[in-house]
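**Student:** My questions will all concern the structure given below.
The values are calculated or read from the model by the stated rules, or taken from the named source; none is laboratory data. Treat the numbers as computed from the prediction; the structure is a model and nothing was measured. Methodologically, a virtual Cβ is constructed for each residue, glycine included, from the backbone with ideal geometry; neighbour enumeration extends over all protein chains shown. Surface accessibility is based on the protein's heavy atoms, side chains included, excluding ligands, DNA and RNA. Shrake-Rupley method; radii C 1.70, N 1.55, O 1.52, S 1.80 Å.
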Amino acid sequence: MTAPNELRLLPWSGPEGKPCYLSIDDQGGYMSRLADNIEAVQLGTAAQLLQQASETLDDQDAALDEMRHLAKELTGALREVLRVATSRGHLLAVSAPREPAY
């Protein structure tokens, strides 16, 4: 059985919104590369939304519906970016050299 600290949090949810994990033993495998690609798309989308948000906030005539839609999109992107950051943080912690215990 793989220990929980040897699992990668994937950038998508499973049934009922539950997190999905992948054994980090398969770092170069298909699922790992797929997760890397999806993370890259999610981060790119977040960057585009951030640019759009800046432009929309600078627009004095932006409609309330437009602002609500933007807030909804930003919330989704933030959720995805947080999942990517959490996953990568866990991967760094697992791959970091351990200090010898004296």
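**Student:** Which count do you get for residues in the stretch 41-84 that are farther than 14 Å from LEU10 by Cβ, of a type in the set (A, V, I, L, M, F, W, C) and open to solvent by less than 80 Å² (accessible area, probe 1.4 Å)?
**Tutor:** Total meeting the criteria: 13.
**Student:** If you scan the stretch 12-36, which residues turn out to be part of a helix (DSSP H, G or I) and either farther than 19 Å from VAL81 by Cβ or open to solvent by 100 Å² or more (accessible area, probe 1.4 Å) (or both)?
**Tutor:** Those that are part of a helix (DSSP H, G or I) and either farther than 19 Å from VAL81 by Cβ or open to solvent by 100 Å² or more (accessible area, probe 1.4 Å) (or both): PRO15, GLU16, ILE24, ASP25, ASP26, TYR30, MET31, SER32, ARG33.
**Student:** SER13 - would you say it is touching an Asp or Glu at 6+ places or on another chain (Cβ under 7 Å) and free of Cβ contacts under 8 Å to residues at least 40 places away in the same chain?
**Tutor:** Answer is no for this residue.
**Student:** Farther than 27 Å from LYS18 by Cα and free of Cβ contacts under 8 Å to residues at least 12 places away in the same chain - does that describe any residue in the stretch 68-91?
**Tutor:** Taking every residue of the stretch 68-91 in turn, none turns out to be farther than 27 Å from LYS18 by Cα and free of Cβ contacts under 8 Å to residues at least 12 places away in the same chain.
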